[in-house]
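To keep things clear, I will list the structure first and then write my remarks on it.
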Amino acid sequence: MQQTMNMPAKQQPIHSGFNAQSTAAEVIQGIDLRDKVVIITGGYAGIGLETTRVLSAAGATVIVPARDLAKATSSVAGIERVELTSLDLMDPISIDGFAASFLASGRPLHLLINNAGIMWVPLRRDSRGHESQLSTNYLGAFQLTARLWPALQQAPGARVINVSSFGHQMAPFDFTDPNFRERAYESLQGYGQSKTAMNLFAVELDRRGAASGIRAYAVHPGAVNGTDLGREAPIAMFQAMGTFDESGKIKPEVAATLKTIEQGAATTVWCATSPLLQALGGVYCEDCDVAELDHGQLEHRYDQPSTLRGVLPYSINPALAKRLWTLTEQLTGIQFLPY
C-alpha cells in the first residue's frame, strides 16, 4: 500500500519492551548522563518536575527555565545539579535573553525538552497578537529551539523532545486563521492545533537536523493524574467528556485508569535517552514506544483514558510540516535552518 497521505513508514511501534505502566525511573535504568546538559521548560511542575528529578538522578545537569522562580525554587529543592533561570515563553525578548545567556556559557546542549505548556484557557494574546496556547505551546518552543541550535550542534547526538498530546486529535492546524482572527475562539481547537503544530515541528526539525546528527520527537505523556495543566478549564468541559460527575469530582473509575506522574514522564525520558532511537527520529511516541498511526480504526473514549492513543496522519504529514515551518518563520520573524 502506498504510504497513506504521504505518511512516513517509520511511524509504527518498535516493541521497546516498555508500556503504559512503565515509569521514568524504569526506562532510564542503566543509562549514565554524567557530563550531559539538559534544558527542560516547565521542569518544576507535574511531569516536568519528575523528568527533572529522574534525569538529574542519572547524572545530568538540568537547567530549568521558569516563569515563576519562587515556585520553581521550592519545587526543585533537594534535587542535585539543577540550575534555575527566568523564562517566559510568551515573551520573545525573554526567550532571546535566556538563550543568549546559555550560549555565552559555551556549554553544549545534549537534550532540549520543550515540556512547558498551557491547556484550555480563555482567549488571550501575546505581545505580537498570537493566541496564547499557540504562543506558549508552539511558537515559544520553535523560537527557543532556533536560538539554542548552536549549542545543540555542539553535542554529538543531541535530541529535542516536544511534549505534545493526544489533544492533537481535537484539531488540525488552521493555516488560514491560526490566531482566531476571523473564526470564533474555541479553547479546545486552540489547544488541539498547538499540539498538532508540535508534532509537525518534530517531523520537519528531525529532517533538517539530520546533517547535524540531531533527532526530534513528539511525545504524548498519556492522561496523567495529579497535574494542574487543566486548572483553568471549566468543570462543565470535563463533565461533557464523561470524566467528572455532577458534583464536579473526577469519577473513581476514570481516576483508576489515569497514569501516575512517574508513568506520565516515562515517554519523555524514553525518547530523550533510549538507545533504540539512535537511528530513528521525527516520530510521535506514546507509552514508551512509537505510536500507532490512526487511520480511524482506533476507538477513543474520554471516560476510558487508556483508549486515547494513536497519531492522526495530518499531524505528522511531511508536506504540512514544511508548510508550517515556513509560516512559523513568518509569524516569529526567525529564519531557522533554511533549506
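The values are calculated or read from the model by the stated rules, or taken from the named source; none is laboratory data. Quick caveat: nothing in here was measured; it's all calculated off a predicted structure. As a convention, Cβ positions derive from the backbone with ideal geometry for all residues, glycine included, and neighbour counts pool all protein chains shown.
Overview of values
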quantity: Residue under evaluation L188, criteria (1) of a type outside the set (G, A, S); (2) more than 18 Å from the chain's Cα centre (by Cα); (3) at pLDDT below 95, criterion not met; calculated: (2)
quantity: One residue from F142, F173 being part of a loop (DSSP other than H, G, I, E, B) and touching a residue at least 60 places away in the same chain (Cβ under 8 Å); calculated: F173
quantity: Selected residue [aliphatic (A, V, I, L, M) and in contact with a His (Cβ under 9 Å, 6 or more places away or on another chain)] from A155, A202, A184; calculated: A155
quantity: Tally of residues being surrounded by fewer than 21 Cβ atoms within 10 Å (Cβ to Cβ) and either among the acidic types (D, E) or under 22 Å from D287 (Cα atoms) (or both) across segment 29-44; calculated: 5
quantity: Tally, over segment 146-164, of residues that are at negative phi and either buried (at least 24 other Cβ atoms within 10 Å of the Cβ) or outside any helix (DSSP H, G or I) (or both); calculated: 9
quantity: Single condition G167 does not satisfy, out of (1) crowded, with 20+ Cβ neighbours inside 10 Å; (2) over 24 Å from K259 (Cα atoms); calculated: (2)
quantity: Members of segment 274-291 that are under 14 Å from the mean Cα position of the chain (by Cα) and in a strand (DSSP E or B); calculated: V283, Y284, C285, E286
quantity: In segment 299-339, the residues that are of a type in the set (F, W, Y), over 15 Å from K195 (Cβ atoms) and surrounded by 16 or more Cβ atoms within 10 Å (Cβ to Cβ); calculated: W325, F336
quantity: Test: residue in segment 72-86 that is within 17 Å of the chain's Cα centre (by Cα), outside any helix (DSSP H, G or I) and among the acidic types (D, E); calculated: no
quantity: Residue that is farthest from the chain's Cα centre (by Cα) [pool: residues in segment 53-70 that are surrounded by fewer than 23 Cβ atoms within 10 Å (Cβ to Cβ) and closer than 24 Å to R125 by Cα]; calculated: L69
quantity: Residue match in segment 309-324 (condition: of a type in the set (A, V, I, L, M), more than 30 Å from I28 (Cβ to Cβ) and not in a helix (DSSP H, G or I)); calculated: no
quantity: Meets criteria (of a type outside the set (G, A, S), in contact with a Phe, Trp or Tyr (Cβ under 6 Å, 6 or more places away or on another chain) and within 21 Å of V290 (Cβ to Cβ)) for V27; calculated: yes
